[in-house]
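Student: My questions will all concern the structure given below.
The values are calculated or read from the model by the stated rules, or taken from the named source; none is laboratory data. A quick note: this is a predicted structure, and the numbers were derived from the prediction, not measured. Positions of Cβ are backbone-derived with ideal geometry, glycine not excepted, and every protein chain shown enters the neighbour counts.
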């Protein structure tokens, strides 16, 4: 008799603790995910998931991205890169690493010009649309490309940067129902004023807000 999906769930929950399941899910993240999503995937309580994710952030294994009232998590790609480098050093000889590096360098040079064009076109499209939200759509496409075909591109970091800027600006817009001063926004968002000013500058660039002295207002 074949194993039912429910049997698989029971095996998953019986063989691993809730915290181990949460970590297992977190280690496979390829895009920003909420506590609710991770909790559901790990079949763990929300409170336990939230605590474990915060521990992973403190340990440098995850990054926390706040977007309005929703908190999302993604891997710390810098840390993953260094871990991968360490593994390569431990599992390969110096000559093997030299040969691999030479092959990667050649491939990178071949692809560089192509992706420089793609990146320039991406930023041109964002400029034409006048809205960084375009980057979030591009980010979703790149994530799907990686998940379905294991293909990564040099523009992912730039797209992720633009996506994070969009969400940080969105967080300001969600509390800006009426004109507020920079200090009031900083207190409401629990951020320092320099960070708030940076977000306001971004929103002003895309005509999302207007600023008169220290007062910021949403555009109509």
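Student: Would you pick out the residues in the stretch 165-220 that are touching a residue at least 60 places away in the same chain (Cβ under 8 Å) and either more than 25 Å from residue 72 (Cα to Cα) or in the same structural domain as residue 64 (by TED's automatic domain parsing) (or both)?
Tutor: 207
Student: Filter the stretch 162-192 for residues that are loosely packed, with under 15 Cβ neighbours inside 10 Å and farther than 20 Å from residue 70 by Cα and give the result.
Tutor: 178, 179, 181, 183
Yes or no, residue by residue, for (1) modelled with pLDDT of 75 or more; (2) farther than 16 Å from residue 215 by Cα; (3) more than 18 Å from the chain's Cα centre (by Cα):
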position	(1), (2), (3)
149	no, yes, yes
154	no, yes, no
158	no, yes, no
169	yes, yes, no
173	yes, no, yes
183	yes, no, yes
194	yes, no, yes
197	yes, no, yes
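Student: Checking the structure you have, find out if any residue of the stretch 5-18 is assigned to a helix (DSSP H, G or I), touching a helix residue (DSSP H, G or I) at 6+ places or on another chain (Cβ under 7 Å) and at pLDDT 80 or above.
Tutor: Yes, there is a match, as at least one residue in the stretch 5-18 is assigned to a helix (DSSP H, G or I), touching a helix residue (DSSP H, G or I) at 6+ places or on another chain (Cβ under 7 Å) and at pLDDT 80 or above.
Student: Just need a number here: residues in the stretch 51-86 that are in contact with a helix residue (DSSP H, G or I) (Cβ under 8 Å, 6 or more places away or on another chain), more than 28 Å from residue 188 (Cβ to Cβ) and part of a loop (DSSP other than H, G, I, E, B).
Tutor: So the answer is 2.
Student: Out of all the residues in the stretch 207-220, which are assigned to a loop (DSSP other than H, G, I, E, B) and surrounded by fewer than 17 Cβ atoms within 10 Å (Cβ to Cβ)?
Tutor: Residues satisfying the conditions are 207, 213, 214, 219, 220.
Student: Still on this structure, please answer the following. Determine whether residue 48 is assigned to a helix (DSSP H, G or I), modelled with pLDDT under 90 and not assigned by TED's automatic domain parsing to the domain that holds residue 191.
Tutor: No, not satisfied.
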